[in-house]
């Protein structure tokens, strides 16, 4: 199937805009449209970039059925729209995250069904339950926590967490809404023979990301070192030893590019997508790498209190995606930091006001 019009929701955000630009560069004859509500500060910086690459932009909100119903005809939906914070709903009503990540996604699925379009859904590694992950046996080294090799469970190996890992147990409102959306997409795929694929992404990073503590932490770490802002190690004793893997957004695109060439696997199946064990780092290790990359040390304080939605260790076993699509991540953590720092230097003034608004207002 040759796609002629790709519609990207969350298309002015970090992931959506990068994917839109990369697909347009790879397939100049294909029409690419981005749809976004521009709610997140910094998303407006992507609009000139989208225009420069000949990408159409529609302003609207996936939570508004009328906005979604006005979409033009398309044959591939890449759904990047989400409330991306695992902290969402912990204080106050859960409805905003439910409306963004479940109701809005259902509106998008229905729009795709009505247009006989395929759906590529960006989900999250946060569908895996917090308690089960934090109960895994681990040991502590000088710079990180590490899973113990002797534990044997389905979906757990020295390569990380695979798709067979148990989904039983609470996972956060964010993870719960994304898992519910996955289930509904699988039902759409079965009931309507809609081509659909799910990518459960871990931490993504790269240029054009607006980093925060709860989303985009790698970008935030580089930015704080560049601008000389303090940081905190939060949770698990405040030592900065919790571990995550990181995937460059260019590597994500290269997987998606391979996926759209092979629709035989688009039956609603999930893939765990991340940098993997070799592209993992603890916060303490990330700090050391940022100091070397930026050439500056910043003050770091410790907050030992652990959030109920935080994880001690998570990295992705991406072997299913690697096997099915002959794909492996090509860019390590050091390369990601280099790319982020180079980009920050080209966008210093707007980024400082976006990332550190209180300091900029003084």
- Task: May I ask for log10 I(q)/I(0) of segment 1-155 at q = 0.10, 0.12, 0.20 Å⁻¹, from a Debye sum over the Cα atoms as equal point scatterers with solvent left out?
- Result: -0.46, -0.62, -1.18
- Message: Given N residues in segment 175-326, what is its alpha carbon radius of gyration divided by 2.2 N^0.38 Å?
- Response: 1.21
- Item | Mean-position separation - Cα centroids, segment 135-205 and segment 37-106, in angstrom | 23
- What is the Cα convex hull volume of segment 108-180 when expressed per residue in Å³? 123
- Task: Take each of the peptides 271-279, 147-155, average the number of other beta-carbon atoms within 10 Å over its residues, and list them starting from the highest.
- Result: 271-279, 147-155
- Message: Report D for the chain in µm² per second (integer): Stokes-Einstein, Kirkwood Rh on Cα pairs, 37 °C, 0.692 mPa s.
- Response: 158
- How much length is gained on full extension from residue 4 to residue 288, taking 0.36 nm per residue of separation minus their Cα-Cα distance? 97.7 nm
- Message: Can you give me the Rg/Rh ratio for segment 119-234, using Cα atoms for both radii and the Kirkwood formula for Rh?
- Response: 1.03
- Task: Report relative contact order for segment 5-357 in percent, whole number only (criteria: Cα-Cα under 8 Å, sequence separation at least 6).
- Result: 18
- Item | DSSP-defined antiparallel bridges as percent of all bridges, the chain, nearest 5 | 20
- Item | Long-range tail of P(r) for segment 175-252 (Cα pairs > 18 Å, %) | 59
- Query: Between residue 162 and residue 110, what length in nm is gained on full extension when 0.36 nm per residue of separation is reduced by their alpha carbon distance?
  - Reply: 15.8 nm
- Gyration tensor (Cα) of segment 229-279, equivalent ellipsoid semi-axes in angstrom: 34, 13, 9
- Message: Running a GNM on the chain with Cα contacts under 10 Å, which residue among 295, 89, 11 ends up with the highest mean-square fluctuation?
- Response: 295
- Query: Can you give the helix-only mean residue ellipticity at 222 nm for the chain, where every DSSP H stretch with n ≥ 4 adds -39500 (n - 2.57) and the sum goes over all residues, rounded to the nearest 500 deg cm²/dmol?
  - Reply: -10500 deg cm²/dmol
- Item | Diffusion constant of segment 243-362 at 4 °C, which comes from Stokes-Einstein with the Kirkwood Cα-pair radius and 1.567 mPa s, µm²/s | 76
- Run the numbers on segment 1-142 and let me know its relative contact order in percent, using alpha-carbon pairs under 8 Å that are six or more apart. 24
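Every number here is computed from the coordinates shown, using simple stated rules; none is lab data. These numbers come from a predicted model, not from an experiment. Neighbour counts are summed over all protein chains in view; Cβ atoms, including those assigned to glycine, are modelled from backbone coordinates with ideal geometry.
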